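The structure appears below as structure tokens.
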């Protein structure tokens with residue numbers, strides 16, 4: 001294994017888990033999250049030699065991840081697939097159970113991809129408005145407006161029961 | 001819902017989720033190397049194409065520019081015009097085509113999951129086999145908010161370019177006495193060629209973040225990992241109460257799991273697991289779950 005491969009492998013082992021978590025929140029499915037992370041790290045591998053300032057690798061990787069997600073979603077990928085076809089939507093499961101995540105994730109599913117990316121970067125990755133703007137290649141004003149719209153969509157989608165719980 | 005609540009909700013969702021085992025670093029490096037080689041090949045093709053065009057242009061115009069033109073260049077037509085290159089070997093590929101880094105899905109699929117065709121049929125068939133394995137007094141079928149689910153998904157290409165597939169079935173299990181209690185039976189088969197080498201308890205420990213005590217059970221000379229969990233251990237998933245894992249010598253990996261409850265269902269849980277631990281372990285080694 002070359003030095004480049006060893007360094008890349010070390011970085012992948014350390015950071016792929018966190019990136020996969022972000023990808024999961026973006027696309028709502030672990031398998032697709034892994035696909036997204038795999039594509040992201042493959043692109044990162046190709047750029048590895050160019051990244052002289054290795055302290056910015058995380059932000060660079062995150063940038064690839066969200067841009068790939070937004071771009072691929074436009075092409076129709078990363079739509080959430082359901083096992084059972086034609087079955088009615090189950091009611092919201094009781095709060096406090098592991099199924100809480102389904103409430104949040106299903107609500108996120110209804111947030112447009114770019115707004116979803118803003119919400120995940122801002123509130124899961126805890127990025128600043130400026131950092132989020134750089135990752136999505138847009139202005140800070142766009143980030144603020146997309147975050148506000150995303151929150152509004154989430155509010156509309158989350159069940160009343162769940163909202164009561166989180167208050 | 002304000003920003004803090006969104007932050008809390010996202011963290012809660014992640015804590016409650018059951019992430020699959022960590023991704024394989026070796027595969028990630030291999031994918032990067034493959035993409036790198038593909039890009040290098042593409043660039044070489046572009047350079048070669050430009051060189052061919054340059055030579056052709058030079059051969060046509062350079063003699064006249066130097067005041068010659070009395071002789072006809074080899075390969076030129078009767079009027080000194082070089083015929084168009086017929087071979088596609090030197091044509092530069094479409095921009096970006098060689099940089100595609102996504103997985104190449106098999107058999108014309110647009111993504112990982114097969115929703116129709118023989119691969120999809122296999123997981124449906126697997127559901128039938130799983131239902132048949134239940135002892136009398138239990139039945140595997142839909143029950144209101146608990147549905148039978150099947151999934152066939154491509155995992156990767158093996159070293160010999162064979163396809164590695166994963167077939168899953170999760171089915172509600174009901175007692176046939178009409179008590180309305182619902183449990184879970186699950187099977188997942190990863191076909192030969194998987195890069196994971198974990199066996200028995202090592203394999204069981206990788207599954208769905210379930211934490212508990214694991215014992216190796218001998219089933220006719222086959223070593224099966226039997227993991228029991230009451231979900232009380234910190235960070236443990238509550239998807240299954242018991243999980244059996246068996247790896248065939250060819251790499252085929254079979255997980256069989258069961259639970260008294262069905263995740264997401266509001267119906268009451270079974271009072272007992274459908275199968276004993278030994279039965280579950282034996283099921284993991286059953287040849288009918290050895291798929292390709």
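Summary of computed values
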quantity: Average partner coverage of A:33-46, which counts Cβ from other chains inside 10 Å; calculated: 6
quantity: Within 10 Å of each Cβ in A:143-155, the average number of Cβ atoms from other chains; calculated: 1
quantity: Fewest-first sequence of B:194, B:116 by Cβ atoms within 10 Å of each Cβ; calculated: B:116, B:194
quantity: The stretch B:116-255 shape via C-alpha gyration tensor axes, a/c threshold 1.5; calculated: oblate
quantity: For B:112, B:43, order by how many other beta-carbon atoms lie within 10 Å, fewest first; calculated: B:43, B:112
quantity: Within 10 Å of each Cβ in A:11-21, the average number of Cβ atoms from other chains; calculated: 3
quantity: Separation in nanometres of the label points that stand 7 Å from Cα toward Cβ, at residue A:109 and residue B:288; calculated: 3.2 nm
quantity: Pair residue B:59, residue A:144: separation of 7 Å Cα→Cβ label points (nm); calculated: 6.4 nm
quantity: Exposure proxy order (Cβ contacts within 10 Å, fewest to most) of B:288, A:43; calculated: B:288, A:43
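Values quoted throughout were computed directly from the atomic coordinates according to the rules given, and no laboratory measurement underlies them. The model shown is predicted, which means the values in this text are computed figures rather than measured ones. Glycine also receives a Cβ, built like all others from the backbone with ideal geometry; neighbour counts cover every protein chain displayed.
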